[in-house]
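S.K.: A single structure is presented below for examination.
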Amino acid sequence: MRLVRRHILIGLAALPFATTARAQALDGTSLNLVPGSPDDQSGPMQDALLRAAAEGRPLFLPSGTYLAQNLQVPSNILVTGVPGGTVLGAAGAGPVARISGSARVRFESIRFGPGSGGGPQGGEAGLLEIEASDRIAIAGCEFAGGGASGIAIHDASAEITGCDFSGHALAAIFSLDSRGLTLTGNRIVGCGNGGILVWGNANRSGSSTISGNAISGIGASNGGNGQNGNGINIFRCDDVIIAGNRIKDCAFTAIRLNSTRNVVVSGNLCTNSGEVAIFSEFAFTGSVIADNIVDGAALGISVTNMDSGGQVATVSGNIVRNVRERSEVNPDTRPIGIYAEADTAITGNTVHSIVGMGIRAGNGPFLRNVVIADNIVRGVNTGIGVSVVRDPAIGPVSITGNLVADVLDQAIVGLEWERVVSDDLVRDAANYPHVSIAGNWAG
């Protein structure tokens, strides 16, 4: 009990509402809660939450399973349990608990599961739901199974750290219109449709940080062509940092940005993606994709959809290797190391072992203001490809200082859509006024 009490007091001291770290915790078993009971204990559990909040004391739940549903979590409360021993299971088809309109709430060392009632199914629901709330912290908890997501967040801010998620039918963490999230050090495995989804109904500043998470085994059980099957998916949210995550075995994409502004993707390790490993698509602007490792994908890094407003990006210092010939989930994917269309600098990357093209700029008339400089491209079918269609909409591309080695076919080529029309663009560059080539080495 000494270690458990110490754990409680540390958590309490971290809460802004605590006036002293010496407050005595309420023990749930003294408040008519019975660990391991097969009965729905929502009533006594709700009473215990309200009493703990009213008295400014943490609520401690001893080891055992407690079945409950639709608990309303008040402000100013810490709920803690025994790591690996305290379980809150769903007693019905609703979530175990909702944090709605509350502030300064913290859960520690609690395991959430579908229980005897199965919990919510599908949609934007979760075993734990957070809405219209601020300063919510979930630390060292576990979320396992169920027909929806582990945690569902709507119009709220939250800090979720050191938690384990597994076996959710949808995603581990789903957020819509967040007020800012910090998602760090979580472990996510075996989810049906996604790992971490941070979405918005319209673009707004999420000011979120997603770092140091380990994500693996993400499926796309609801189908589609990329809306499911992603390790981290940011959709219509701005000002997000995605850094230092380890993401592997995703049905589609490790990190997918869709219609985002000012998002940094840095220092992530992305392995064995079913489609594009790192994707910035549709109406995005201001994507920084730097110092990541991509090992195993059907396309390494793609910065695309100029026709939908996709523009302004840097792709620098990345290692991209082992891009395979085709995608099992999207046969239209072309095997390319790095691809970009508009207002993008591709610099200082190392691209290796591509069963296709190392770096490609543009497709048809979709090319404008792309720089390809100081990259190493080695062990590929074709080194660098550039769109050279005769179209007034096409814009300039600069190819300088690249090293292209061990190429099976050609080093630098001109493309009209998928057809090679210049097998030596260095030789033929004068025929294409939008192309500038200098100082490259090929051998």
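S.K.: Using modelled amide H (1.01 Å from N, peptide plane; none on Pro or chain starts), what sits under 5 Å from the amide H of GLY385, excluding residues fewer than 5 places away?
M.R.: Amide H neighbours of GLY385, under 5 Å, 5+ apart: ILE359, ARG360, ALA361, VAL413.
S.K.: In degrees from 0 to 90, rounded to the nearest 10, what is the angle of the helix 2-14 Cα long axis to the longest principal axis of the chain?
M.R.: 60 degrees
S.K.: Kindly provide the helix-only [θ] at 222 nm of the chain, computed as the sum of -39,500 (n - 2.57) over DSSP H runs of four or more divided by all residues, to the nearest 500 deg cm²/dmol?
M.R.: That comes out to -2000 deg cm²/dmol.
S.K.: Please work out how much length the chain gains when fully extended from ASP332 to ASP134, using 0.36 nm per residue of separation minus the C-alpha to C-alpha distance, in nm with one decimal.
M.R.: Once the chain is fully extended between ASP332 and ASP134, it gains 67.0 nm.
S.K.: Which ³J(HN,Hα) values, rounded to whole Hz and listed in residue order, are derived for the range 135-148 from phi using the Karplus coefficients 6.51, -1.76 and 1.60 in 6.51 cos²θ - 1.76 cosθ + 1.60 with θ = phi - 60°, glycine and proline given as x?
M.R.: For the range 135-148, the Karplus curve yields 6, 9, 10, 10, 10, x, 9, 10, 10, 9, x, x, x, 10 Hz.
S.K.: Another question, then. For the range 56-64, what does the Karplus curve 6.51 cos²θ - 1.76 cosθ + 1.60, with θ = phi - 60°, yield as ³J(HN,Hα) per residue in whole Hz, taken in order and with x for Gly and Pro?
M.R.: Each residue's phi maps through the Karplus curve to give x, 10, x, 9, 9, 10, x, 4, x Hz.
S.K.: In a Gaussian network model over the chain where Cα atoms closer than 10 Å are linked, find which of GLY85, GLY190, GLY180 has the largest mean-square fluctuation.
M.R.: Per the Cα network of the chain with a 10 Å cutoff, GLY85 tops the list.
S.K.: Quick one: compute the contact order of the range 101-225, relative version, from alpha carbon pairs under 8 angstrom and 6+ residues apart, as a percent.
M.R.: About 20 percent, as a whole number.
S.K.: Suppose R0 equals 30 Å; then what is the FRET efficiency for ASN32 and SER205 from their Cβ-Cβ distance, rounded to the nearest 0.05?
M.R.: Efficiency, rounded to the nearest 0.05: 0.10.
S.K.: Quote the FRET efficiency, to the nearest 0.05, computed for ASP155 versus ASN262 with a Förster distance R0 of 30 Å and r equal to the Cβ-Cβ distance.
M.R.: Computed FRET efficiency for ASP155 and ASN262: 0.90.
S.K.: Among GLY147, GLY414, GLY64, which one shows the highest mean-square fluctuation when the chain is modelled as a Gaussian network with alpha-carbon springs under 10 Å?
M.R.: Top of the fluctuation ranking is GLY64.
S.K.: At a 10 angstrom cut-off on C-beta neighbours, averaged per residue, how do the peptides 168-179, 40-51 rank from highest to lowest?
M.R.: 168-179, 40-51
S.K.: Can you tell me the dipole magnitude for the chain around its Cα centre, using point charges on the Cβ only (Lys, Arg +1; Asp, Glu -1), in Debye to the nearest 20?
M.R.: Here the size comes out at about 1160 debye.
S.K.: Using only Cα atoms, find the angle between the long axis of helix 42-55 and the longest principal axis of the chain, and express it within 0 to 90 degrees, rounded to the nearest 10.
M.R.: Taking the Cα atoms of the chain, the angle to 42-55 is about 90 degrees.
S.K.: Toward the positive end of the charge dipole of the chain, about the Cα centre and with charges on Cβ (Lys, Arg +1; Asp, Glu -1), which of THR80, ALA254, GLY92 goes farthest?
M.R.: Most positive-ward Cα: THR80.
S.K.: Sticking with this structure for a sec: Once amide H atoms are built 1.01 Å from N in the peptide plane, which residues 5 or more positions from ILE130, or in another chain, come under 5 Å H to H?
M.R.: The list, which skips near neighbours in sequence, is ILE99, ALA152, ILE153, HIS154.
No value in this document is a laboratory result; all are computed from the given coordinates. As the structure is a prediction and not an experimental result, all values here were calculated from the model. When we count neighbours, we look across all protein chains shown, and the Cβ atoms used for this are built from the backbone with ideal geometry, even at glycine.
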